[in-house]
Amino acid sequence: MIIPKNKELNPSQEKEIRSILQEFQCGLQEVAGTTRKIYAILGDERDELMINRIEGLPYIARVDTIQSPYKLMDIKSELSHHVTKIEKVKIKEELLFIAGQCTIDIENPNYFIETAHAVKEAGANVIRGGVWKPRTSPYSYQGQADAIDILLEASAQTGLPANVEVMEEEHVEIALQNKVGMMQIGTRNGLNYSLLRKIGHLSSKQKTLILLKRAMHMGSLNEFISAGEYIVSGGNPNILLCPRGTVPSMDGYRNHPDECITPLLKQKTWAPVIVDPSHSVGKAAYVPHAALAAVAYGADGLVIESHIDPLKGIGDDPKQAITPIILKSLIHDAKALRKHVKFYQGKYISK
Ligand code: PEP
Ligand code: MN
């Protein structure tokens, strides 16, 4: 919808706009109100260049588009019937729990193996463990490639699929060769469009699940969903959207908790929403509250940092990992809460 600065376009302005629209195979329809006129764009209005050229005209106040900017991630796309599965879990039909250490400590592999068994016992469906670590400071521990062997060993022993963060093409190739169950794009790469495109393309045969974290400087929800569109358009529809808090942080929390965007995402896209409360609040004591809040908002699952002995962990684990005992009780409560939430979802969330 084109909104002029004045009450209506004069004939030469209207002519100029019509000729721009024509270049993009679109037309113009005047909508007359009692005090002013606005103008509807007829046709596919998703071409950014067309919109920018009209918005750049000095007599135009703004252009509001109605069509969603993403074709595949849209709730109305054919893919809305797609069922994302990992092992036996049909995500959205039941809650998915991903749990494990932030970072695998190569010096103490037993912590990870024991954590893997303990989170399985607590009810987790996927074991997570950081191999390559994106750290804010170049002097912080960056992870070690050999840690992938520990992750794979824990996955083999427990039978749980493994989740690992990938930061570059080489990591994607190693993860795919080793048939990990899930790859994670971290917040720092949430807007790295060339990596998003590559991971979608490289995983298009195996269709490995991809957990896309919300970039911490992310703007609109459309930007988050469009980042997912890059992956899906590469040929892999097995995408999970993961709110994990944004910046600036809220006083006392590591980031600004954003689990409340879950129902908003669900009105726009069919993609499952898996919330990460650990990085959002950044402190173990608050994680269960944020996790249950996410379920209350309609999340399809949670990714939670957990360690059998958090204070002996590395990376984020000493401050934000919860113990498997707490995790077990949290998974139990999350499942119970989910039953109540479903009642409201059926009433208010349109499919
Ligand atoms: C992590 O999962 O350990 C991690 C680094 O997450 P994020 O990208 O959300 O900071
Ligand atoms: Mn972490």
Residue in region 295-312 that is on the phi < 0 side of the Ramachandran plot and either without any contact (Cβ under 8 Å) to a residue 24 or more places away in the chain or not assigned by TED's automatic domain parsing to the domain that holds residue 186 (or both) present: yes
Residue within region 66-83 that is surrounded by 12 or more Cβ atoms within 10 Å (Cβ to Cβ), modelled with pLDDT of 95 or more and over 19 Å from the mean Cα position of the chain (by Cα) present: no
Test: residue in region 79-98 that is within 16 Å of ligand 2 (Cβ to nearest atom) and either in contact with an Asp or Glu (Cβ under 9 Å, 6 or more places away or on another chain) or in the same structural domain as residue 206 (by TED's automatic domain parsing) (or both): yes
Odd one out for residue 306 among (1) surrounded by 22 or more Cβ atoms within 10 Å (Cβ to Cβ); (2) more than 15 Å from residue 99 (Cα to Cα): (2)
Residue count, region 120-134 (criterion: touching a Phe, Trp or Tyr at 6+ places or on another chain (Cβ under 8 Å), touching a residue at least 40 places away in the same chain (Cβ under 8 Å) and within 13 Å of ligand 1 (Cβ to nearest atom)): 2
Region 260-315, subset touching a Ser or Thr at 6+ places or on another chain (Cβ under 8 Å) and hydroxyl-bearing (Ser, Thr, Tyr), residue nearest to ligand 1 (Cβ to nearest atom): 306
Conditions (1) surrounded by fewer than 17 Cβ atoms within 10 Å (Cβ to Cβ); (2) touching a helix residue (DSSP H, G or I) at 6+ places or on another chain (Cβ under 9 Å); (3) in a loop (DSSP other than H, G, I, E, B); number of the one not met by residue 62: (3)
Members of region 37-72 that are among the charged types (D, E, K, R) and touching a strand residue (DSSP E or B) at 6+ places or on another chain (Cβ under 8 Å): 37, 55, 62, 64
Residues being closer than 13 Å to residue 226 by Cβ and in a loop (DSSP other than H, G, I, E, B) - total across region 68-89: 6
Breaking point among (1) surrounded by 12 or more Cβ atoms within 10 Å (Cβ to Cβ); (2) at pLDDT 95 or above; (3) outside any strand (DSSP E or B); (4) under 34 Å from the mean Cα position of the chain (by Cα), for residue 46: (2)
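The values are calculated or read from the model by the stated rules, or taken from the named source; none is laboratory data. Quantities reported herein were computed from a predicted structural model and do not represent experimental measurements. All Cβ positions, even for glycine, are placed from backbone atoms using ideal geometry, and neighbour counts span all protein chains on display.
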